[in-house]
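Below is one structure, written out as structure tokens; comments come after it.
The values are calculated or read from the model by the stated rules, or taken from the named source; none is laboratory data. Quick caveat: nothing in here was measured; it's all calculated off a predicted structure. Positions of Cβ are generated from backbone atoms using ideal geometry, with glycine treated the same way; all protein chains shown enter the neighbour counts. Protein only, heavy atoms only, side chains kept; ligands, DNA and RNA dropped before computing areas. Shrake-Rupley method; radii C 1.70, N 1.55, O 1.52, S 1.80 Å.
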Amino acid sequence: MQTTDQQLVAQAIEVAGRAYAPYSNFLVGAVLVGRDGRIFTGCNVENISFGLTICAERNAVFAAVAAGCRDFELIVIVADTEVPASPCGACRQVLAEFQPNLKVVLANFRGQSETFHLSQLLPRPTAGILDRP
Ligand code: THU
């Protein structure tokens, strides 16, 4: 992991500390870096109606888009887990909307990390969708 990635992991851990997760107690932080260098963050926000919960990654994407940034370089996702936790399928699809081969760094609170490209985690995200003969 590069030094800058380590700094982003530290930032994501800080953001995870602000997660609202009273039901699962599973705190997730995401740091999304735009190609223009801007940084957007997200944490999971749960709801008593469980299905309304929004993951950390999607909150970071939505904040970026609202700020006018749609071109992303990488996302760092952290949780306090043994093995770096994988983003859920919904978040993979939302990330792929903007950058199907995004660099994805998954890390735990101890700084252990694994790096992927989104196309490894979600192949063929849009093939055939809305494509009619
Ligand atoms: N969660 C995320 O924020 N990101 C993920 O990639 C996986 C799951 C959140 C949703 C919920 O608040 C808690 O973690 C347990 O699933």
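Size descriptor for the range 9-54, Kirkwood hydrodynamic radius: 11.2 Å (Cα pairs only, one decimal).
All other residues with a Cβ under 15 Å from the Cβ of Leu95 taken together, and with Lys, Arg as +1 and Asp, Glu as -1, what is their net charge? That sum, taken over residues with Cβ under 15 Å, equals +2. Helix screen, the chain: DSSP H segments with Cα axial length of 18 Å or more and mean Kyte-Doolittle hydropathy at least -0.5 are 3-16. Taken per residue, the accessible surface of the range 5-121 reaches 49 Å², heavy atoms only and a 1.4 Å probe.
Only DSSP H runs of four or more residues enter the estimate; each adds -39500 (n - 2.57), and after division by the residues of the chain the mean residue ellipticity at 222 nm equals -8500 deg cm²/dmol. Counting protein heavy atoms only, the chain has 53 percent of its accessible area on carbon and sulfur, 1.4 angstrom probe. Within a Cβ distance under 11 Å of Ser86, other residues only, what is the Lys/Arg minus Asp/Glu net charge? Computed value for this residue: -1. Summing charges over neighbours of Ala12, with a neighbour being any other residue whose Cβ is under 15 Å away from its Cβ, gives -2 when K and R count +1 and D and E count -1. Cα centroid separation, the range 41-58 to the range 103-123: 20 Å. Peptides 112-123, 38-49, 70-81 ranked from most to least packed, by the mean per-residue count of other Cβ atoms within 10 Å: 70-81, 38-49, 112-123.
For the range 5-121, relative contact order (Cα pairs under 8 Å, six or more residues apart, normalised by length) works out to 23 percent.
Counted residue by residue at 0.36 nm each, then reduced by the alpha carbon distance between them, the extension gain from Ala85 to Val45 reaches 12.7 nm.
With 0.36 nm allotted per residue and the present C-alpha distance subtracted, the Thr115-Tyr20 stretch has 31.6 nm of extension available.
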